[in-house]
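Asks: Quick one: this structure, given as structure tokens, is what I'll be asking you about.
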Amino acid sequence: MNPRFVVAKVTGAIGTLAFVLAFNFFLFRVVDDNPVDNLFRGRNLSPTQIASLEERFGVGDPLALQFVKYVRQTLQGDLGLSIKSSRPVSDVIMDSLWPTVWLVGTATALSMVIGTLLGIHAAWKRGTVTDSSATAFSMITYSMPDFWMAMVLLAAFAINLRWFPTGGFEDAGSTATGLSAFLDQAHHMALPAITLTLGYIGEYMILMRASMLDTVSEDYLQLARAKGLRDTEVRRRHAVPNALLPLVSLSALNFGYVLSGAIAVEAIYSWPGLGRATFNALEGPDFPVLQGLFLLFSASVIVANLLADLLNGYLDPRVRLS
Amino acid sequence: MTEAVLELRDLHVTYRAAGVDVPAVRGVDLTIGPRDTLGLAGESGCGKSTIAGAVLRLLPRATRVEGEILLEGQDVLKLRPGKVRAVRWTTAAIVFQGALHSLNPVQRVGDQIAEAIETHARTRSRRTTTARVGELLERVGLPARRRREYPHQLSGGQRQRVLIALALACEPALLIADEPTTALDVMVQAQVLSVLEDLQRDAGLALLFITHDLSVLRSSCRRLAVMYAGRIVEEGPSGAVFDEPRHPYARALASAFPTIGDPASRYRPSGLAGDPPDPTALPTGCPFHPRCPVVVDDVCPSLDVRLRPAGPAREAACVHVGGDDDG
């Protein structure tokens, strides 16, 4: 790949990150001049307590000094302390990170594969029953709000049929290890994962179908057919590789939303991930945790965006070699 | 008598678009012998490219194709799908027009040529295929190493030559060149034409050359057929057809090109009034009569003239041709 292309993209990503870092700081300062007043409004605090809280948040300092401190601490990996639990924000985030990566990562990967395959087949059999039913299915699932679908599935499969637990990461007080722990967690994850997968499929299906339809009328498919290739070979070797290009960006981009993408669904299924952590922090409100989460969410989108650009550059020779 | 490489017998092709039948080819007979060259000319929409698609059965599924298409004696319209695939590219190959769009943009050009070879000869080893790809590229005047490049790295003329090399991959008996020079500038067009002519001569291919540019056909084809509204309206030796066209449409097509060395023809290119006919609502009688400069008012609108003899090895479909005034 062209080194200048890579350098340009990486520089752009670093610049965006720096902007987000600054923006994130000022966003939470705009809310109110004094977070201590704002957070503890209406509660009786002694002047000493206020002073100590202001000391802890560095509120008394001039804004510029606060900003320098914030940047320095963030770069050192220190995201401050949670107001609610007094634990370091980074610990709160790390605890919730893996459940979210598991759940949303699985759902994203599944929906990507299923949606893309559905889109390929629908477009290749355009106008048939296969096409119209796949398209209808995608439109319906795509337009359903995820919190609504989560509640419907919860009511049907967890409460009425009792096939799945109603929520949580594993059985309460579970001491299982190894395979049985994994199976227990998978059992808990099934419903939220199905909810998210259904919600995500439509986007991939609809985009892949449209992209395939653009490709189907290309002259090089006619040439591939004229060469004597089978229909499936024409599709697999010539149509799909070209039609996939626009999807690569979308997919890589969507991996950036893995961390932040399931706030409602995690809250409904009591899944102890970043979404629920966000939900809890909003209830507080626990601004240091929110600030840390926002920074993480933005960073993951920016990094995913960078990867999308680089991947697209690698896959499309027209981008890679120009 | 040697068997014809391609013989069309009363070929009819009817597209179906939005529930309406669109007759694109309406009874065409053509014969191309081994090593023979035939030029097929006509304006856009006259059905000439449809014939190319019909020969390899590449037309949309809803299209009705009737008559006979004999490729080396076997009727491709009666073949099973598997046999059709086997015939494609081995018996007849097409040099497509779109130098820009006919190659897959994300595959190396060498791989696209190799794919054709491997599809029809699965026993070949990778190495002999690669060597063969290099050889094919060199035959069209490109260095073998360029097989590693992607279409966008080649110029229009180079891409067109890749398409020619690709068409030769399985040593077909018949090459159908469908407007192979249309998108190219004149100098490159001349290069591509000479490559095509050399190959035709050296490899002993039969060539069906489709274009709207009659002047290109004069030098590269032995015989010439002019199509109008889905039918051949004139056929004969290319020099004779080009220099002394008998059908008024062929005459208009031939005089649309300025004669080199004759400034008068450059400043007064004689075009043809009117638009090509709508295939879903063809004029009655001779389909050309609304645009014809020599229309006979009480005959042409009602008489659908078929091809009739018009001189040595020539035929034309016009009331003015044949009988005593044929000379």
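The values are calculated or read from the model by the stated rules, or taken from the named source; none is laboratory data. Because the structure is predicted, anything quoted here is derived from the model rather than measured. Positions of Cβ are generated from backbone atoms using ideal geometry, with glycine treated the same way; all protein chains shown enter the neighbour counts.
Asks: Which one of the conditions (1) of a type outside the set (A, V, I, L, M, F, W, C); (2) surrounded by fewer than 18 Cβ atoms within 10 Å (Cβ to Cβ); (3) at pLDDT 90 or above does B:Ser125 fail to meet, given that it meets all the rest?
Replies: If we test B:Ser125 against (1) of a type outside the set (A, V, I, L, M, F, W, C); (2) surrounded by fewer than 18 Cβ atoms within 10 Å (Cβ to Cβ); (3) at pLDDT 90 or above, just (3) comes out false.
Asks: Which residue is nearest to the other protein chains (Cβ to nearest Cβ), if the candidates are limited to region A:177-231 and must be assigned to a helix (DSSP H, G or I) and hydroxyl-bearing (Ser, Thr, Tyr)?
Replies: If we take residues in region A:177-231 being assigned to a helix (DSSP H, G or I) and hydroxyl-bearing (Ser, Thr, Tyr), then A:Tyr220 is nearest to the other protein chains (Cβ to nearest Cβ).
Asks: So, one more: Of the conditions (1) part of a helix (DSSP H, G or I); (2) within 14 Å of chain B (Cβ to nearest Cβ); (3) touching a Phe, Trp or Tyr at 6+ places or on another chain (Cβ under 9 Å), A:Arg236 satisfies every one except a single condition; which number is it?
Replies: (3)
Asks: When you go through B:Arg218, B:Arg231 one by one, which is the residue that is at pLDDT 90 or above and of a type in the set (Lys, Arg)?
Replies: From the options B:Arg218, B:Arg231, the qualifying one is B:Arg231.
So that you can scan it fast, the table gives a plain yes or no per residue for (1) modelled with pLDDT under 90; (2) under 26 Å from the mean Cα position of the chain (by Cα):
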residue: A:Val216; (1), (2): yes, no
residue: A:Leu229; (1), (2): no, no
residue: A:Glu233; (1), (2): no, no
residue: A:His238; (1), (2): no, no
residue: A:Pro241; (1), (2): no, yes
residue: A:Pro246; (1), (2): yes, yes
residue: A:Ala252; (1), (2): yes, yes
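Asks: Something else now. Of the residues A:Pro47, A:Pro99, A:Pro88, A:Pro62, only one is without any contact (Cβ under 8 Å) to a residue 40 or more places away in the chain and buried (at least 16 other Cβ atoms within 10 Å of the Cβ); which?
Replies: On the way: A:Pro47 fails: buried (at least 16 other Cβ atoms within 10 Å of the Cβ); A:Pro99 fails: without any contact (Cβ under 8 Å) to a residue 40 or more places away in the chain; A:Pro62 fails: buried (at least 16 other Cβ atoms within 10 Å of the Cβ).
When all the criteria are applied, what remains is A:Pro88.
This table checks each residue for (1) touching a residue at least 60 places away in the same chain (Cβ under 8 Å); (2) not basic (Lys, Arg).
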| site | (1), (2) |
| --- | --- |
| B:Ala4 | yes, yes |
| B:Asp10 | no, yes |
| B:Thr14 | no, yes |
| B:Pro23 | yes, yes |
| B:Gly27 | yes, yes |
| B:Leu30 | yes, yes |
| B:Gly47 | yes, yes |
| B:Ile51 | yes, yes |
| B:Arg57 | no, no |
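Asks: Continuing with the same structure: For B:His212, which of the numbered conditions (1) farther than 30 Å from B:Gly285 by Cβ; (2) touching a Cys at 6+ places or on another chain (Cβ under 9 Å); (3) modelled with pLDDT under 90 fails to hold?
Replies: Against the list (1) farther than 30 Å from B:Gly285 by Cβ; (2) touching a Cys at 6+ places or on another chain (Cβ under 9 Å); (3) modelled with pLDDT under 90, B:His212 comes up short only on (1).
Asks: Tell me which residues, restricted to region A:282-322, are within 23 Å of the chain's Cα centre (by Cα), charged (D, E, K, R) and surrounded by fewer than 19 Cβ atoms within 10 Å (Cβ to Cβ).
Replies: A:Glu283
Asks: Out of A:Phe164, A:Phe137, which single residue is assigned to a loop (DSSP other than H, G, I, E, B) and surrounded by 14 or more Cβ atoms within 10 Å (Cβ to Cβ)? Let's see the steps before the verdict.
Replies: Values: A:Phe137 fails: assigned to a loop (DSSP other than H, G, I, E, B).
The unique qualifying residue is A:Phe164.
Asks: Let me confirm something: among A:Leu311, A:Leu259, which residue is within 14 Å of another protein chain (Cβ to nearest Cβ), in contact (Cβ under 8 Å) with a residue 60 or more places away in the chain and not hydroxyl-bearing (Ser, Thr, Tyr)?
Replies: Of the residues listed, the single one that is within 14 Å of another protein chain (Cβ to nearest Cβ), in contact (Cβ under 8 Å) with a residue 60 or more places away in the chain and not hydroxyl-bearing (Ser, Thr, Tyr) is A:Leu311.
Asks: Please list, ordered by first then second residue, the pairs with beta carbon atoms under 7 Å, 6 or more apart or interchain, first in region A:280-297 and modelled with pLDDT under 85, second among the basic types (Lys, Arg).
Replies: A:Gly284/A:Lys84; A:Asp286/A:Lys84
Asks: Please find, within region A:209-267, the residue that is surrounded by the fewest Cβ atoms within 10 Å (Cβ to Cβ) out of those that are out of contact with any Ser or Thr (no Cβ under 7 Å at 6 or more places or on another chain), closer than 30 Å to A:Trp102 by Cβ and β-branched (Val, Ile, Thr).
Replies: For region A:209-267, the residue satisfying everything is A:Val248.
Asks: Being among the hydrophobic types (A, V, I, L, M, F, W, C), modelled with pLDDT of 80 or more and either farther than 21 Å from A:Asn280 by Cβ or not in a helix (DSSP H, G or I) (or both) is the requirement here; does A:Val104 meet it?
Replies: It is false that A:Val104 is among the hydrophobic types (A, V, I, L, M, F, W, C), modelled with pLDDT of 80 or more and either farther than 21 Å from A:Asn280 by Cβ or not in a helix (DSSP H, G or I) (or both).
Asks: Still on this model: Tell me, please, whether a residue that is over 23 Å from the mean Cα position of the chain (by Cα) and not in a helix (DSSP H, G or I) can be found in region A:145-157.
Replies: no
Asks: Of all residues in region A:103-151, which are among the small types (Gly, Ala, Ser) and touching a residue at least 12 places away in the same chain (Cβ under 8 Å)?
Replies: Selection gives A:Gly105, A:Ala107, A:Ser111, A:Gly115, A:Gly119, A:Ala122, A:Ala123, A:Ala134, A:Ser138, A:Ser143, A:Ala150.
Asks: Within region B:166-176, how many residues turn out to be more than 13 Å from chain A (Cβ to nearest Cβ) and out of contact with any Pro (no Cβ under 9 Å at 6 or more places or on another chain)?
Replies: Number of matching residues: 1.
Asks: Same structure, new question: In the list B:Leu193, B:Leu175, which residue meets the criterion of being surrounded by fewer than 22 Cβ atoms within 10 Å (Cβ to Cβ), aliphatic (A, V, I, L, M) and within 16 Å of B:Gly39 (Cβ to Cβ)?
Replies: Numbers: B:Leu175 fails: surrounded by fewer than 22 Cβ atoms within 10 Å (Cβ to Cβ).
When all the criteria are applied, what remains is B:Leu193.
Asks: How many residues, within region A:177-196, are of a type in the set (A, V, I, L, M, F, W, C) and in contact with a helix residue (DSSP H, G or I) (Cβ under 6 Å, 6 or more places away or on another chain)?
Replies: Count: 4.
Asks: Restricting attention to region B:19-45, which residues are surrounded by fewer than 22 Cβ atoms within 10 Å (Cβ to Cβ), within 18 Å of B:Thr182 (Cβ to Cβ) and in contact with a Leu (Cβ under 8 Å, 6 or more places away or on another chain)?
Replies: Residue satisfying the conditions is B:Glu43 alone.
Asks: Considering (1) within 14 Å of chain A (Cβ to nearest Cβ); (2) within 17 Å of the chain's Cα centre (by Cα); (3) crowded, with 22+ Cβ neighbours inside 10 Å, say which one B:Val162 fails and leave the rest.
Replies: (2)
Asks: So how many residues does region B:233-256 have that are within 10 Å of B:Ala41 (Cβ to Cβ) and not in a helix (DSSP H, G or I)?
Replies: Final tally of qualifying residues: 1.
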